[in-house]
Amino acid sequence: MVFSLTENLIKPRQLLVLRKLSIKKSDIALDGVWDGIEQKIKEMDLSKPTLPRIRILSKRLEQAQNPSAVHKIKPVKQYYRKMYYEFLDNIINEIEDRFEQSGFEKYPHLEKSLLLASGSLDESTFTTISAFGIDVAKHK
């Protein structure tokens, strides 16, 4: 059927993309990305990445807060490292969620039922189905 054939095409590609993204989820890959960013910055004569500006708390709020809760300055790379991993996690989760839905398993069965129930196919439908390599006579 059309859905099962397209699923057979999509599933390996999905697994390949997920595997490549998982490989990028390492400190070595992050170092490569960071080195590439630094190189582009030098080429384009841009300023280096910086941390977001730290908000200055009012005296009243500053006294009420725990002294240990005051912002600790992290290296710039460490700050963007967190964002990099969150970004990759979100992409991987979205890909997995979109392709692993229970509804996708129902489509080939629905398609087969429609083909069998229709009984007679017009020429354009027959040509379209045959283009996917489906033997319509076998399913009658």
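The values are calculated or read from the model by the stated rules, or taken from the named source; none is laboratory data. Owing to the predicted nature of the structure, the values given are computational and were not obtained by experimental measurement. Note that each Cβ is placed from the backbone with ideal geometry, even for glycine, and that neighbours are counted across all protein chains shown.
Looking only at the range 24-53, filter to residues that are surrounded by fewer than 10 Cβ atoms within 10 Å (Cβ to Cβ), modelled with pLDDT under 90 and not polar (S, T, N, Q); which one of those is nearest to Ile92 (Cα to Cα)?
The extreme case among them is Pro52.
Need the failing condition index for Ile56 against (1) at pLDDT below 75; (2) part of a helix (DSSP H, G or I); (3) among the β-branched types (Val, Ile, Thr), just the number.
(2)
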